[in-house]
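**Student:** One structure is given below, represented as structure tokens, and several questions about it will come after.
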Amino acid sequence: MRKRLVPVLIIAIGIAVFVLLRVTRPAPEPVAPQERSWRVETLVVEPSALQPSLTLYGQLESPRRFTVVAPLAGRIDQLPVRDGQVVEEGTLLVALDDADIEPRLQQARAELRDAEAQLTSERSAHANDRQALELEKRILANARRTLERTEQLIERQVVSRADLEAASDALERAALTVATRERAIESFPSREAALQARVDRAQSSLESTERDVQRSRFRAPFDGVVSQVEVAVGDQVSANASLMQFYPVDGMELRATLPQIYSQDFVQALAAGEQLVAHTLEVAPPVSMTLQRIAGLAEARGVEAIFRLDEAAPNLRLGTLLAVSVPRPVRQNSVALPYSALYGNDTIYQLIDGRMARLRVERVGETLREDGSRWVLVRSEQLQPGMRIIVTHLPNAIDGLRVDPVEQSGTPAGEPAQ
């Protein structure tokens, strides 16, 4: 019995001690929650009248670019230029083999001589017909008089009936000969016109062949750049086969997509005679270009603005993608901020008593700084001189978030404060 009570007694004593210790333990001090703050950089702003710029992206093209084609079928004999080579006006670009060209020229000349000879022969035959007609008319008159005398002699029974029939046949043959000759003379203008047309066709064919012969040795019509060479010396090409592309070094244009929200401003500026000059970004030295026109067809994403380069740029090539900065009208009460300060398109945050305060703004463009960086331009009636705008972009930015402003050279902004 005692052996059974001992374990129970030990368990009871342990429970009593545990309860006593739990009741008499000291109460822990309450821990106050500590709010986290984020290190950020700020910028003191002074609203003023600033000129925004718009960055556009476009591709270079040339309205004078053309394709050099083979005027005749033949073999490539000379190709002294290479893809990308800048050449002067008059430089030989490509030439076909004369052995393929000369027979065509000789054939065209022979066809013209043949047509001219046939026309000369027909005119000579016409002149002979006119002379022969006079003789044949006299023969017809003689045959008619012979028939009349024979009829008189028949009445007096001096000649036989066979003589009358012979005289009648001679008259009919003479009349048929005259009629045939007259028809030949009457149809001469149509035959002459047909032969003259043949001569004209042969002449045109010869002139076309001569032009093709000249074009078979193609020379640069102006200072330009060779591109997309598609043949090599010895290649056999067909007529109208593409050989290469060629375009001038000057007169290049940039087609840049202009967002719809800005298109009317640019159209009105052109209509008012304003000169909008853009400058390339990330190209040294910068290239200037002037807005010439707005494309006639718009799309959902915008309309193309066409700029013409003010000076020749031999270092640029067609198809090059360029970013250009285009100035826009001056906007009052605007400030320049780094893009990291902007949330969406219409929100920035002001620093007030160590916390973020939301400000609604209007994005009016961007500006190019002296160091080459691009800052966004915003405006708002709430912007006041001396405001401290948070320029560090926080992914968890909300109105009222606690932040800790730091200097530019301090702890990296955007990290939690210790």
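**Student:** Report the charge-dipole magnitude of the stretch 225-364 in Debye, nearest 20, computed about the Cα centre from +1 at each Lys and Arg Cβ and -1 at each Asp and Glu Cβ.
**Tutor:** So the dipole magnitude of the stretch 225-364 works out to roughly 600 debye.
**Student:** Also, quick follow-up: Which is farthest toward the positive dipole end of the chain among S205, A70, A232, measuring Cα position about the Cα centre, with Cβ charges +1 (Lys, Arg) and -1 (Asp, Glu)?
**Tutor:** Sorting the options by dipole projection puts first A232.
**Student:** Per DSSP H run of n ≥ 4, the term is -39500 (n - 2.57); total these for the chain, divide by its residue number, and report the mean residue ellipticity at 222 nm rounded to 500 deg cm²/dmol. Don't skip to the answer; put the middle values down first.
**Tutor:** Numbers: 5 runs with 147 residues, N = 418.
It lands at -12500 deg cm²/dmol.
**Student:** Evaluate 2.2 N^0.38 Å with N set to the residue count of the stretch 101-214, then give the Cα radius of gyration divided by it.
**Tutor:** Dividing the Cα Rg of the stretch 101-214 by 2.2 N^0.38 Å gives 1.85.
**Student:** Once the dipole of the stretch 102-156 is set up with Lys and Arg at +1 and Asp and Glu at -1 on Cβ about the Cα centre, which of L133, L119, L153 lies farthest towards its positive end?
**Tutor:** Sorting the options by dipole projection puts first L153.
**Student:** Let me check against my output: what whole-number percent is the relative contact order of the stretch 101-214, with C-alpha pairs under 8 Å and at least 6 apart?
**Tutor:** Values: 73 pairs, mean separation 56.9, N = 114.
Taking the mean separation of contacting Cα pairs over the length of the stretch 101-214, I get 50 percent.
**Student:** Let me know the Kirkwood hydrodynamic radius for the stretch 27-140, please, with Cα pairs as the basis and the value in Å to one decimal.
**Tutor:** Numbers: mean 1/r = 0.0386 Å⁻¹.
Evaluated over the stretch 27-140, this radius sits at 25.9 Å.
**Student:** Find the relative contact order for the chain and round it to a whole percent, using C-alpha pairs within less than 8 Å whose residues are 6+ positions apart.
**Tutor:** Details: 710 pairs, mean separation 125.2, N = 418.
Normalised by residue count, the contact order of the chain is 30 percent.
Quick note: the coordinates plus some simple rules give every number you see, no bench work behind them. What you are looking at is a predicted structure, and each value in this text was computed from that prediction instead of being measured. Glycine gets a Cβ as well: all are built from the backbone with ideal geometry, and neighbour counts include every protein chain shown.
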